[in-house]
Amino acid sequence: MSAQAHPRHGLDEVIHAPVRFSIMAALAMADKAEFSFVRDTVEVSDSVLSRQVSTLESAGYVKVTKGYVGKRPRTWLSLTRDGRGAFTAHVSALQAITAAAVPGQTQG
Amino acid sequence: MDHLQHGQREMDPQAALAHADRLGRRVTDRSRWYGRFLAVFGVAVMVITPLWGLLTGGTAAVVVNIAWVVFIIVISGYARRQPVAGRGMGRRYVLVIGAWAAIYAVVLGCGFALFPHNPAWWIPGGVAAAAPFYLGAYREHRR
């Protein structure tokens, strides 16, 4: 991105969708989180979360791990290194857009 | 949650950032179990470590062993049931366990060789062995 480019060009199209952004934001603060916890935190249904996680997984941003606690199956979600980097860059772009919109502040 | 109600449409950057902060706080709050886990682990280490050196007889050793194994099973089960592992928790846990293992080895090694049944060694030794857990719990509390 050139120095003159608008910060919106730094937004990640995969992360930009609100539900996917929320999933990434939740996972950014965790080493890993259980599927049901992310579902409740983001306030979506199982099917919506599954679909959006599949998109993020295909992009290489989220890792899905399945296992058991006792006899109960569990699914864990975590950000990959690429996912964490992409989310950090996306948040930086959002901050730059917000700063550019405030009079008296200049965009980076 | 306002921008979520817009499905997959564009969202306001400022609202998105505020929303990300709220989600992050919710995740952080749900990962606070780890501080309680370390504090309880510290209490167990502080109590059980001196028992190794102060109690005599085969029965006492068996009781302490069983108590330790039961404790590990219960607290491991508690940790496995938690829905969130906070950011960096795994790395911090390795540091705590590593520090504990080093101190524990010194307390037990020197204690059995040089200070058998000496409370002046074993009680402070228990406190020292528990210190990494308390420091870890304190750090989690401050996060």
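Please treat every number below as a calculation from the coordinates, not as lab data. As the structure is a prediction and not an experimental result, all values here were calculated from the model. Reconstructed Cβ throughout: ideal geometry from the backbone, glycine too, with neighbour counts over all protein chains shown.
In this structure, A:Ala100 and A:Thr65 have a Cβ-Cβ separation that, at R0 = 45 Å, corresponds to a calculated FRET efficiency of about 0.70.
To the nearest 0.05, what FRET efficiency results for A:Thr88 and B:Ile66 with a Förster distance of 45 Å applied to their C-beta separation? The computed FRET efficiency comes out at 0.40. Among the GluC sites (Glu not before Pro) in region A:25-79, those placed in a DSSP loop whose Cβ has at most 16 other Cβ atoms within 10 Å are A:Glu43.
Largest GNM mean-square fluctuation across B:Gly58, B:Gly125, B:Gly42, computed for chain B with C-alpha springs under 10 Å, falls on B:Gly58.
From helices alone, chain B scores -27500 deg cm²/dmol at 222 nm; the rule is -39500 (n - 2.57) for each run of n ≥ 4 DSSP H residues, then divide by the residue total. Amide H contacts for A:Ala30 (H built 1.01 Å from N in the peptide plane; partners 5 or more residues away or on another chain; cut-off under 5 Å): B:Arg87. For A:Arg74, the residues whose amide H sits under 5 Å from its own are A:Gly67, A:Tyr68, A:Val69, ignoring neighbours fewer than 5 places away on the same chain, with H placed 1.01 Å from N. Derived scalar couplings between HN and Hα for region A:33-46 equal 9, 6, 3, 5, 5, 5, 4, 5, 5, 7, 6, 9, 7, 4 Hz in order, rounded to whole Hz, by the Karplus curve 6.51 cos²θ - 1.76 cosθ + 1.60 (θ = phi - 60°), x for Gly and Pro.
Ranked by the mean number of other Cβ atoms within 10 Å of their residues, highest first, the peptides B:32-41, A:62-71 fall in the order B:32-41, A:62-71.
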